[in-house]
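Have a look at the structure below, then the notes.
The values are calculated or read from the model by the stated rules, or taken from the named source; none is laboratory data. Worth saying up front: this structure is predicted, and the values here are computed from it rather than measured. Reconstructed Cβ throughout: ideal geometry from the backbone, glycine too, with neighbour counts over all protein chains shown.
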Amino acid sequence: MLRVTRTKSLCKQCALNGCNKVRGLSEVDKPSLIVIGEAPGAEEDIKGKPFVGPAGGWGKYGLRESGINVNSAHFMNVINCRPPSNDIASLDALDAIEKCRPGFEQELRELHTRGVETIIAWGATAMHALGIEGPIGKNRGSVYEVKVAGKDFIVVPTFHPSYIMRGMKKEEPTWFNDMAKALDIATHGWHPPKENFQLFPSIEWLEKETKRLCSMKKKPQLAVDIETAFGQIVVVGIASSSEDAFSVPFFGKGMISYWKNGDFGRARSCLSRLLSTCPTLFQNAPFDVSWLVRAGFVTLDAIDIRDDILLAHHAIHPELPHNLGYIVSVYGATPYWKDIVVSNPKTLMAMEDADVRTYNLRDAVVLHQVKPPLLDDLHSTGTEHIYRGISMKLVKPVIEMELTGMKLDKKRHKSFAVKVKRELAKTEKKLHSVAGIPKDFSVSSPLHMARLLYGKIPDSLEQKKADIASYDDEGTRKRKDTKKYRELVDYVKTVESIEPLQPTRAAVQKNWKTGGVSTDEMARTSIYLASKTMLREVKALVRPKPFHAEKAKRLERNIRILELIDSFQELNKLSTTYTNFRLGEDGHVHPRFVITGTKTGRLSSREPNWQNLPSADDEDKLGAEVRKLFIPDPGWCFVGADYSNLELRVLSWDSDDKMLQTWFAEGVDVHTRIAMSLTGWPEDKITKTVRKGAKTYKFGRNYGGSVEGIYRRLVVRIPDFPLSLAEFREADRRHFELMPAYAKWQAKTREVTLKTRTCVTASGRKRFFLGTDEEIQREALDTRIQGPAGDVKNIALIKFYEERNRLGLKAKLVSDLHDAIYVTCPKTEKKKVARLLKECMEHEVKWWKKPVIFPVEVAVSDRSWGEMVEYEVK
DNA sequence: GTCGTATGCGCG
DNA sequence: AAAGCGCGCATACGAC
């Protein structure tokens, strides 16, 4: 046992004056590593031992989970005495850090002589005390060689256990990893990566190196990373191992060309040869490769994209962040380097060439570093087939979608924009003039809206008023002729001049997650419906009193305002989101599709998000125009196909629910059947409203919604839904009775999720949940449906890409809408492509040895995306 | 000014 | 006590 008393010489001058009450401690004479925290807490103070309180308990749990023998660690703090109310930032505590320093160093020296050199720093205080600057969030997981008290130590900073204890469970796996890394260093020693970088190649050197790499018998895998600025590739970094890398620069500081005269062409040939001869490795290949293809350095066909670190990490653990800095902090050895460059092109081009290229090559070599441990994890988690069989194969189809894009009908877009803006201005004017809403009222401001709906005064208003008052105080020297002052005054004036709706009878709706008031469409609709009811009641009075007329007037104002606000919201959304698209040189909009964008395996889309454009369902709405703005190239057309009821079919198949399966097999309308099963009514009694209600119910229930929660939303969305809550509960009971397999599937999913805190889909995707018990049950229910549905479509995307290549068709993939795929092709190919798309999408799935096919419906258009018409495939 | 968080809303 | 899931984007707002 080792117990270290720190020098007491400075204790008497220390503000805490505890005379190092809680001394560093290990159970053995020769500990294997050192764990440093901040300061003793209440419990430690009483017992006189470090890490015996709740945070200490969590810390030891973390150590054990990381494979560390708690008894072999030496526990110590930056200071040995408890700061008042545990406040490490207090002046007294800061004083103590200084006064305890000699003792802190003495303790580390003592340990060093015993051969202990590895330190886990729990939290920023310990990290800073060891001379490592910066925030813990960025530096955690990196390995630092530091000199303290004249001795060399290896430090791995990570989160303080109290941070994890306070509920940051999402960081827990990262925390374990960091500490396991420290254990590995304590056991096997620290071998920092070497960097053999060529930053300024001559053309001769580049050609020689290209020849050497490309003529090797076993072609080396090249890690590739690019930097871009002002629409140009500035440098391509290529790493042939975790230590050796070279730059292929094109521009230097200030966008000055790197190559002179004809050497650019020679450099370009080298790059082309490298990229089309050797297998490659990327962090986010869709980004880099689409740049490389557009720059003409390689074709999509020629490049062999063998691995992608981002995709691998996502397949292993979709919940975690996937940026390279994070992945390297867990799997790699290079200390955090991402502060070197900011994404701003101006700043990038102001940097020294050596700095930019070193950063770029570091991005490349670390890919080799982290690849082997990532492949191990893919193997041990059983997610290799997701990575190799789906994610990697999606890379090229996804790049193709981005490169293809869709042509924007400029003329139509212009008139659409004008129309939306005109309607918006009209609505706004009415809000001001007719409904008496102040001009500065912002529909997008929840604070304004809360004042209007509930008369709620924002909490921040008092502070703002106090601020204004402080301008009047003498001595503050605050000038009133400033923009800031005017804004304050205007803000208060606006909020106070909003006359709240009344009477409303609707209860204030709370946001259950944050406790704030709710001002969304549902809350507004509740008030709207209540106002309508009250108005009817007032109007129905046989002998109304004079104040009733006043009341009716106020209610009419409510109704008017809420109607106008809804149409304003709708138009505002259209105006801000869809009247300004960024176009490529080809006049196309080029959205990106992100393979790692979701936790379930769906794709996500961005810049712009192609997956949430208003659908063309409601012809009367202006939103229906948006998809019509996108047109095929001259002589080309669109072919699209969507799975019918994909998620519900996945559920019926995965749960083996005979009822649903029968309905699907018979080809009847399932939502009508569900409505019949809920109500017990015959088919002719199922109105559109009831069917809509049944659909809402089924979707909500599938994803873990409660009967009450679903009903609460349902009555607002479908005001004339005929069932009472009691009847709805009864319907729910009946529904589950009718579908015992579905009920069992849900129960089993919940049970397994709670027990394992993981979820495996039929398609073999895994999630390792980090949320609360309640959250993760709902997430698991959703993932088991959404995941396989996404993968059915992912596989179709891959199949189409491959088959199209095999057949040599001109058709190109355009878009992915979760349950639909859109393609563009010459009109002459329409028939072939329609058939091919249907065939590829209706592939047989054999997961869990239960073969199944999910049927699709095909549609085509020569005109626009918004005018697709059904197409019979022969 | 820039950033992160909250809120709301479009889609499946 | 109650809470449907998965996204991206626009705006507001407070902190730096």
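Anything in segment A:131-150 that is part of a loop (DSSP other than H, G, I, E, B), over 23 Å from A:Asn69 (Cβ atoms) and out of contact with any Lys or Arg (no Cβ under 9 Å at 6 or more places or on another chain)? List them, or say none.
A:Ile132, A:Glu133, A:Gly134, A:Pro135, A:Ser142 - these are the residues of segment A:131-150 that are part of a loop (DSSP other than H, G, I, E, B), over 23 Å from A:Asn69 (Cβ atoms) and out of contact with any Lys or Arg (no Cβ under 9 Å at 6 or more places or on another chain).
Name the single residue, out of those in segment A:551-566 being crowded, with 18+ Cβ neighbours inside 10 Å and within 16 Å of DNA strand B (Cβ to nearest atom), that is farthest from the chain's Cα centre (by Cα).
Going through the qualifying residues, I end up with A:Ile561.
In the set A:Glu537, A:Glu563, which member is farther than 18 Å from A:Ser444 by Cα, more than 16 Å from DNA strand C (Cβ to nearest atom) and among the charged types (D, E, K, R)?
Criteria check complete, one pass: A:Glu537.
Out of curiosity, is A:Val356 in contact with a strand residue (DSSP E or B) (Cβ under 7 Å, 6 or more places away or on another chain) and modelled with pLDDT under 95?
For A:Val356, the condition - in contact with a strand residue (DSSP E or B) (Cβ under 7 Å, 6 or more places away or on another chain) and modelled with pLDDT under 95 - is met.
Between a residue in segment A:634-646 that is at positive phi and any residue that is in a loop (DSSP other than H, G, I, E, B) and within 16 Å of DNA strand C (Cβ to nearest atom), which pairs come within a Cβ distance under 9 Å, given they are 6 or more apart or on different chains?
A:Asn645/A:Asp819
What's the number of the condition A:His588 fails, among (1) of a type outside the set (A, V, I, L, M); (2) away from DNA strand B (no atom under 11 Å from the Cβ); (3) without any contact (Cβ under 8 Å) to a residue 24 or more places away in the chain; (4) over 30 Å from A:Pro788 (Cα atoms)?
If we test A:His588 against (1) of a type outside the set (A, V, I, L, M); (2) away from DNA strand B (no atom under 11 Å from the Cβ); (3) without any contact (Cβ under 8 Å) to a residue 24 or more places away in the chain; (4) over 30 Å from A:Pro788 (Cα atoms), just (3) comes out false.
Return the residues of segment A:356-396 that are part of a helix (DSSP H, G or I), in contact (Cβ under 8 Å) with a residue 40 or more places away in the chain and of a type in the set (Gly, Ala, Ser); say none if nothing qualifies.
Selection gives A:Ala364, A:Ser391.
Taking segment A:444-468 as the region of interest, how many residues are farther than 18 Å from A:Pro500 by Cβ, among the hydrophobic types (A, V, I, L, M, F, W, C) and either touching a residue at least 24 places away in the same chain (Cβ under 8 Å) or within 11 Å of DNA strand C (Cβ to nearest atom) (or both)?
1
Go through (1) of a type outside the set (Gly, Ala, Ser); (2) in contact with a helix residue (DSSP H, G or I) (Cβ under 7 Å, 6 or more places away or on another chain); (3) in contact (Cβ under 8 Å) with a residue 24 or more places away in the chain; (4) surrounded by fewer than 15 Cβ atoms within 10 Å (Cβ to Cβ) one by one and return the number of the condition A:Asp353 breaks.
All conditions pass for A:Asp353, except number (4).
Surrounded by 14 or more Cβ atoms within 10 Å (Cβ to Cβ), more than 16 Å from DNA strand B (Cβ to nearest atom), among the small types (Gly, Ala, Ser) and farther than 21 Å from A:Gly601 by Cα: is that true of A:Ala743 in this structure?
yes
Residues are listed down the side, and each one gets a yes or a no for (1) surrounded by fewer than 20 Cβ atoms within 10 Å (Cβ to Cβ); (2) outside any strand (DSSP E or B):
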| site | (1), (2) |
| --- | --- |
| A:Leu108 | no, yes |
| A:Ala121 | no, no |
| A:Asp152 | yes, no |
| A:Pro157 | no, no |
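Considering A:Ser615, A:Ser652, which residue is away from DNA strand B (no atom under 16 Å from the Cβ), within 34 Å of the chain's Cα centre (by Cα) and hydroxyl-bearing (Ser, Thr, Tyr)?
A:Ser652
Listed residues A:Glu829, A:Glu802, A:Glu839; which is more than 16 Å from DNA strand C (Cβ to nearest atom), among the charged types (D, E, K, R) and within 16 Å of A:Asp301 (Cβ to Cβ)?
Going through A:Glu829, A:Glu802, A:Glu839 in turn, the sole match is A:Glu802.
Only residues that are over 18 Å from A:Val328 (Cα atoms) and free of Cβ contacts under 8 Å to residues at least 12 places away in the same chain: list them for segment A:126-146, please.
If the condition is that a residue be over 18 Å from A:Val328 (Cα atoms) and free of Cβ contacts under 8 Å to residues at least 12 places away in the same chain, then A:His128, A:Glu133 are the ones that fit.
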